[in-house]
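The next block holds one structure in the form of structure tokens; read it before the comments.
The values are calculated or read from the model by the stated rules, or taken from the named source; none is laboratory data. These numbers come from a predicted model, not from an experiment. Cβ atoms come from the backbone with ideal geometry, glycine included; neighbour counts cover every protein chain shown. Quick note on the areas: whole protein, heavy atoms, side chains included, nothing else; ligands and nucleic acids left out. Shrake-Rupley method; radii C 1.70, N 1.55, O 1.52, S 1.80 Å.
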Amino acid sequence: MNGPGYRLSRLITRSIRRYLVGPEQRWAFERPSRDWTPPHIERTSLYLHVPFCRHFCPYCPYTKVHYRESLVEPFTLAAIAEVDWWADAVGPAEITSVYIGGGTPTLALDSVARVLMRVREQFRLTGDICIETNPADVDDETVRRLHDMGVELVSLGVESFQPENLAVLGRDYKPLVAERALALLAGSNFASVNADIMFALPRQTAADVTADLARAAQLGADQLTTYPLFTFPYTTVGKYLRLTAVRMPNLHMRQAHYRAISRWCAEHGFERVSVWGFKRGAVPRYSSVTRDGYIGVGPGAGSHLSDGFVLNTFDLNSWIHTTCDGRTAIALRMPFAGEMSGWWWLYWRFYDTRIPLDELDVALGNDAHKARQWLRVVEQAGFAVHNGRHLELTESGAFWLHLAQNYFALNYVNTLWTQARREPWPQAVAI
């Protein structure tokens, strides 16, 4: 993490940050001051992190613990307590979407149902409920319980239908399991079913990727999220790849995969709705990330508030004890300065691949002119084109944004999460 490439990326990022956001923004997460309280919220989203997994995939960077029945009830009580804490802190806000991730949330559906009940009691839930699940955990009973909870959008972590790729990823089930799970979900009257498909896997070809996309569509997925194998240093994937003597594909191969995905989706009626996401028809868009604000419940859950980002302790026991004691489990906070909130809004509009130009003045205030200068550079480079009142990323622009996120943004996520995983209550983490 200290080689020439890493140091260069840090230098470039610091220069861009200073130019766009200004020197007053501190790029560090620190313990919140004793007198800090969250700002009042009228409308937001909610993220619930369920950390339980039966098996740990070597590439997964998220907070997780091995599933044990004895942990579910303490988790549930703590999550309910944290919902209550947020309601007391920010008021009875309107919740415009709920996203339930993990981990494997479907391992603890009774727990999830109880937490959702408390969310409905404490807030005004008006939006869709979205949930992640894995192929091995989907059956008729799972579907019934998801409907009973009001879940409308489901994402299945397929990753691949090819046994050699599943083996590389440490998935211990046969492709038929994923096929049956996807077909069952797609035929069960959810508003939308998304399939996650990975590319840039060792020894994978572009034809392999498009074959996976075709199979997912054939089985009924109306949304496809495609993403590469992330190599966060603190996950076991780096060690796993070294042990198996395989390497990530080079830039040329990754770009070839991305072009093949874009071409296949365009030819088969899937429109691009994010850098990695495509959907077919008028179904509601499935996205795990592009919320303008959200509050996070669960160990390692983050919150995006009007005055900054906050991050819960990653340690399950610390999170349980703190929340059940009526205190906040927030371990770190990065306050916003200047127009930082607006720049963050613009970052996610890039991720959406559509930037609404009419909204720049409201979102960025005094920095709107600087944003327009930046957008002109993006357009002149061929990474975006005008489409009415929007600036839309081209395929090339979407790919390079994906790559920049891989090499720049994820470095800083890695820095933050590495420290947060080492100790429950870090003093400070510079990113």
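I'd like the full set of residues that are open to solvent by 40 Å² or more (accessible area, probe 1.4 Å) and either of a type in the set (Ser, Thr, Tyr) or touching a strand residue (DSSP E or B) at 6+ places or on another chain (Cβ under 8 Å) (or both), limited to segment 10-25.
Within segment 10-25, SER15, TYR19 meet the criteria.
What number of residues within segment 31-43 satisfy the criterion of being open to solvent by 70 Å² or more (accessible area, probe 1.4 Å) and within 22 Å of THR313 (Cβ to Cβ)? Break it down stepwise before answering.
From segment 31-43, those open to solvent by 70 Å² or more (accessible area, probe 1.4 Å) are 31, 34-35, 37, 40, 42-43; that's our starting set.
Imposing the further condition that a residue be within 22 Å of THR313 (Cβ to Cβ) reduces the set to 31, 34-35, 37.
Of the residues in that region, 4 qualify.
Among GLU94, GLU82, which is on the phi < 0 side of the Ramachandran plot and touching a Lys or Arg at 6+ places or on another chain (Cβ under 7 Å)? Reasoning before the result, please.
Numbers: GLU82 fails: touching a Lys or Arg at 6+ places or on another chain (Cβ under 7 Å).
Exactly one of GLU94, GLU82 is on the phi < 0 side of the Ramachandran plot and touching a Lys or Arg at 6+ places or on another chain (Cβ under 7 Å), namely GLU94.
With the condition kept exactly as written, say whether any residue in segment 182-189 is crowded, with 18+ Cβ neighbours inside 10 Å, over 24 Å from the mean Cα position of the chain (by Cα) and farther than 30 Å from GLN255 by Cα.
If we filter segment 182-189 for residues that are crowded, with 18+ Cβ neighbours inside 10 Å, which is where we start, we get 182, 184-186.
If we keep only those that are over 24 Å from the mean Cα position of the chain (by Cα) too, we end up with 184.
Still in the running and farther than 30 Å from GLN255 by Cα: 184.
There is at least one residue in segment 182-189 that is crowded, with 18+ Cβ neighbours inside 10 Å, over 24 Å from the mean Cα position of the chain (by Cα) and farther than 30 Å from GLN255 by Cα.
Can you pull out the strands (runs of 3 or more DSSP E) entirely within segment 317-429 that have at least 1 residues that are open to solvent by less than 60 Å² (accessible area, probe 1.4 Å), within 26 Å of TRP27 (Cα to Cα) and not small (Gly, Ala, Ser)?
Working: elements: 330-335, 354-356, 384-387, 390-393.
Result: 330-335, 354-356.
Yes/no per residue for (1) open to solvent by less than 60 Å² (accessible area, probe 1.4 Å); (2) at pLDDT 95 or above; (3) closer than 21 Å to PHE52 by Cα; (4) touching an Asp or Glu at 6+ places or on another chain (Cβ under 6 Å):
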site: PHE123; (1), (2), (3), (4): yes, yes, no, no
site: GLY127; (1), (2), (3), (4): yes, no, no, no
site: VAL138; (1), (2), (3), (4): yes, yes, yes, no
site: GLU141; (1), (2), (3), (4): no, yes, yes, no
site: LEU153; (1), (2), (3), (4): yes, yes, yes, yes
site: ASP172; (1), (2), (3), (4): no, no, yes, no
site: VAL177; (1), (2), (3), (4): yes, yes, yes, no
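Name the residues in segment 265-304 that are of a type in the set (S, T, N, Q) and either surrounded by 21 or more Cβ atoms within 10 Å (Cβ to Cβ) or free of Cβ contacts under 8 Å to residues at least 60 places away in the same chain (or both), would you? Write out each step before concluding.
Taking segment 265-304 and keeping what is of a type in the set (S, T, N, Q), we get 274, 287-288, 290, 303.
Across segment 265-304, the qualifying residues are SER274, SER287, SER303.
Do the conditions hold for ALA206, that is, is it modelled with pLDDT of 95 or more, open to solvent by 20 Å² or more (accessible area, probe 1.4 Å), farther than 25 Å from TYR47 by Cα and not acidic (Asp, Glu)?
So ALA206 passes the test.
For HIS55, which of the numbered conditions (1) open to solvent by 30 Å² or more (accessible area, probe 1.4 Å); (2) closer than 24 Å to VAL429 by Cβ; (3) of a type outside the set (S, T, N, Q) fails to hold?
Tallying (1) open to solvent by 30 Å² or more (accessible area, probe 1.4 Å); (2) closer than 24 Å to VAL429 by Cβ; (3) of a type outside the set (S, T, N, Q), HIS55 fails exactly one: (2).
Only residues that are more than 15 Å from THR76 (Cβ to Cβ), open to solvent by 50 Å² or more (accessible area, probe 1.4 Å) and in a helix (DSSP H, G or I): list them for segment 90-120, please.
ARG120
Which count do you get for residues in segment 58-83 that are in a loop (DSSP other than H, G, I, E, B) and either without any contact (Cβ under 8 Å) to a residue 60 or more places away in the chain or surrounded by fewer than 21 Cβ atoms within 10 Å (Cβ to Cβ) (or both)? Please lay out each step first, then the result.
Within segment 58-83, the first condition is being in a loop (DSSP other than H, G, I, E, B), and the residues that meet it are 58-64, 67-68.
From the residues that got through so far, the ones that are either without any contact (Cβ under 8 Å) to a residue 60 or more places away in the chain or surrounded by fewer than 21 Cβ atoms within 10 Å (Cβ to Cβ) (or both) too are 58, 60-62, 64, 67-68.
Summing the residues that are in a loop (DSSP other than H, G, I, E, B) and either without any contact (Cβ under 8 Å) to a residue 60 or more places away in the chain or surrounded by fewer than 21 Cβ atoms within 10 Å (Cβ to Cβ) (or both) in segment 58-83 gives 7.
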